[in-house]
Amino acid sequence: MVDDASTPPDAAPDAVESLPQAFGALFADLPGLLTDRVHLLALELRRASSALGQMVALGLLAAILFATAWITLWVGLAAAFLAVGLAWPWVVLLVMFVNLSAAVWALLRVKALAPLLALPATLRRMTASDALGRQPEDDSRHG
């Protein structure tokens, strides 16, 4: 009965005990939060390395296709002196157009893969709390 008289009627009895428990739970959750972010970083680094490998391969492909177009030009010129009757310049132009088009496609693909190297999801995740704090300021400047 003495315990009931010492506790004020409007104060929650668990409020004093729950604050240390809340801090304990917060510190217990910190390794999990850090582990999630490190795991995200590892996954995104794996994806970035794959993108970099593709970029290198496509860059080499583009270089080979440009070289092929150059060789085709000279082979076409040599064949022009030997060929009789067929409109060879159009054939050479077609071969060059196909090779150059493929090289341009490869370079555009490299350009599309480049943003993956910046680890966008990790940056968004790591700066999400900052973005929430800055959001009202950004809205007032844009509005």
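The values are calculated or read from the model by the stated rules, or taken from the named source; none is laboratory data. A quick note: this is a predicted structure, and the numbers were derived from the prediction, not measured. Cβ coordinates were reconstructed from backbone atoms using ideal geometry, including for glycine residues, and neighbour counts include every protein chain displayed.
For the stretch 60-91, taking the residues that are aliphatic (A, V, I, L, M) and not in a helix (DSSP H, G or I), the one that is modelled with the highest pLDDT is identified as 83.
The sole residue among 100, 113 that is within 30 Å of residue 39 (Cα to Cα), modelled with pLDDT of 85 or more and in contact with a helix residue (DSSP H, G or I) (Cβ under 6 Å, 6 or more places away or on another chain) is 113.
What residue, among those in the stretch 1-48 that are of a type in the set (Asp, Glu) and farther than 27 Å from residue 126 by Cα, is modelled with the highest pLDDT?
First, pick out the residues of the stretch 1-48 that are of a type in the set (Asp, Glu): 3-4, 10, 14, 17, 29, 36, 44.
Add one more test, that the residue is farther than 27 Å from residue 126 by Cα, and what stays is 3-4, 10, 14, 17.
Values: 3: 52, 4: 53, 10: 57, 14: 56, 17: 67.
For the stretch 1-48, the residue satisfying everything is 17.
With respect to (1) farther than 24 Å from residue 62 by Cα; (2) at pLDDT 75 or above; (3) aliphatic (A, V, I, L, M), the lone exception for residue 128 is condition (2).
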